[in-house]
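Data block below; observations after.
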């Protein structure tokens with residue numbers, strides 16, 4: 001077998017040499033809706049797509065631009081092609097981080113976000129950390145940051161059927177991407 005994965009839409013995708021035209025939002029939404037957060041350690045299934053939807057909603061409620069909202073929705077999209085590794089391990093796998101950053105950059109380029117400013121990137125990271133904290137607070141009864149961040153709204157951390165999450169992800173994407 002070559003160095004590709006076969007995606008949901010049957011695309012031969014080369015994660016180490018990604019081709020922009022091969023990046024498909026349907027593949028991303030489907031994969032992330034089936035991928036668990038926290039490496040599966042929450043009490044119930046909670047998907048990366050649900051996390052991404054909550055990030056989008058937080059950014060929207062904070063009044064951030066549609067570019068930042070779309071960036072929040074897509075910030076973990078690379079995981080649909082290369083999976084994820086927990087933060088403590090990822091910090092020690094420099095080559096994985098290079099691969100992830102290159103792939104995420106190609107995904108952002110594919111969807112018109114190649115030129116995200118440092119400030120936009122900072123806001124996306126900030127929203128991601130807000131949701132990370134509250135996911136652990138709600139789903140594990142343990143806040144992971146010493147000082148809880150400020151959130152602008154309550155978020156849904158319930159277990160949802162993956163098809164409904166996938167559909168919501170695609171609906172939000174269609175609205176933001178035009």
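Here are the numbers for this structure:
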quantity: Flag for residue 16 being farther than 25 Å from residue 177 by Cβ, in contact with a helix residue (DSSP H, G or I) (Cβ under 9 Å, 6 or more places away or on another chain) and in contact (Cβ under 8 Å) with a residue 40 or more places away in the chain; calculated: yes
quantity: Residue 173 being in a loop (DSSP other than H, G, I, E, B), under 16 Å from the mean Cα position of the chain (by Cα), touching a residue at least 40 places away in the same chain (Cβ under 8 Å) and surrounded by 12 or more Cβ atoms within 10 Å (Cβ to Cβ); calculated: no
quantity: Number of positions in the stretch 53-81 that are within 13 Å of residue 152 (Cβ to Cβ) and in contact with a strand residue (DSSP E or B) (Cβ under 7 Å, 6 or more places away or on another chain); calculated: 0
quantity: The stretch 133-153, residues that are in contact with a helix residue (DSSP H, G or I) (Cβ under 9 Å, 6 or more places away or on another chain) and either free of Cβ contacts under 8 Å to residues at least 24 places away in the same chain or farther than 16 Å from residue 48 by Cβ (or both); calculated: 134, 140, 142, 143, 144, 145, 148, 149, 150, 151, 152, 153
quantity: Which numbered condition residue 21 misses (of (1) surrounded by 12 or more Cβ atoms within 10 Å (Cβ to Cβ); (2) at pLDDT 95 or above; (3) not in a loop (DSSP other than H, G, I, E, B)); calculated: (1)
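The values are calculated or read from the model by the stated rules, or taken from the named source; none is laboratory data. Values in this document were obtained by computation on a predicted structure and should not be read as measured data. In this analysis, Cβ positions are derived from the backbone assuming ideal geometry, glycine residues included, and neighbour counts consider all displayed protein chains.
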